[in-house]
1. What single numbered condition from (1) open to solvent by 80 Å² or more (accessible area, probe 1.4 Å); (2) of a type in the set (A, V, I, L, M); (3) closer than 30 Å to S39 by Cβ; (4) at pLDDT 90 or above fails to hold for A130?
2. Tally time: how many residues in segment 77-94 are touching a Lys or Arg at 6+ places or on another chain (Cβ under 8 Å) and open to solvent by 80 Å² or more (accessible area, probe 1.4 Å)?
3. Hey, among the residues in segment 180-220 that are β-branched (V, I, T) and open to solvent by less than 50 Å² (accessible area, probe 1.4 Å), which one's farthest from R236 (Cα to Cα)?
4. Which residue, of R135, R113, R97, is open to solvent by 60 Å² or more (accessible area, probe 1.4 Å) and closer than 22 Å to S69 by Cα?
5. If we keep just the residues of segment 39-60 that are in contact (Cβ under 8 Å) with a residue 12 or more places away in the chain, in a helix (DSSP H, G or I) and of a type in the set (G, A, S), which is surrounded by the fewest Cβ atoms within 10 Å (Cβ to Cβ)?
Amino acid sequence: MTLSRMALTGALVAALSACGGPSVRPDTPGQAPAIQADSAPAIEAALMRGDVKEARRLIKAATKRGPLSPHVQLLRDSIDRDPVELLGPQSYGYTVRAGDTIAGVAERLLGNRWKAYQLARYNGLEAPFALAAGRTLRIPGTPRAEPVRRADPAPARASPATAAPAPARPAAARPAPPASNPALARQLRTAGLAALNQGAVARAVALLRRAAAADRGNAAIARDLARAERIAATVRARR
């Protein structure tokens, strides 16, 4: 084969290679494969149920798929390592409040909710890690200011000292008792007895009642009035 023909053959082979199937690019040297989808929530849920066996199974399956996420690594250490080694021996007391959860306390006081299982083991708690209000937990580290909890504002109530006094109700006007008039009472009594002797019983009762009102406490007028009222009642009964 001549040199010209060999050059032509080489050019054809190169052209065919360029037009062939897709080329395969090798992995970039030193580049780590992407981290797999995070399975930490499922592992954490198993630990919060107290199902350590299931949590280990999930961690093992995640290990086979590739590099673990930081959360899964933390949860694996939470199972395998001593919580005092992980969180430190120094601690302070915290009184559980209504509505607290182990994950919420870990989020507020440790700054990481994924350390909830470590905190539960640190305090010797057993699943499902229900926290009773008033219980004291040991929190690793030193006390720090907690985030302010926002609560729904309560409706304002006026204190007894500042409440406006209710408007006073005017007292009902009472009629003043009639003034005593003994002289008038004697005249009315005399007229009443005269009417009674004449048989005008109704007139006698009316006059004696006026006499009693004009001189309250007069025993004689009271006796005359009582006698006249008895006579009036007898007369009505006979009709």
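The values are calculated or read from the model by the stated rules, or taken from the named source; none is laboratory data. Quick caveat, the model's predicted, so the values are computed rather than measured. Cβ placement follows ideal geometry from the backbone for every residue including glycine, while neighbour counts extend to all protein chains displayed. Accessible surface is based on the protein model in full, side chains and every heavy atom, while ligands, DNA and RNA are left aside. Shrake-Rupley method; radii C 1.70, N 1.55, O 1.52, S 1.80 Å.
1. (4)
2. Qualifying residue count, segment 77-94: 0.
3. Going through segment 180-220, the residues β-branched (V, I, T) turn out to be 190, 201, 205.
Of the ones still in play, those that are also open to solvent by less than 50 Å² (accessible area, probe 1.4 Å) are 201, 205.
Details: V201: 10, V205: 13 Å.
Among those residues, the one meeting the criterion is V205.
4. Working: R135 fails: closer than 22 Å to S69 by Cα; R97 fails: closer than 22 Å to S69 by Cα.
Among R135, R113, R97, only R113 is open to solvent by 60 Å² or more (accessible area, probe 1.4 Å) and closer than 22 Å to S69 by Cα.
5. The selected residue is A42.
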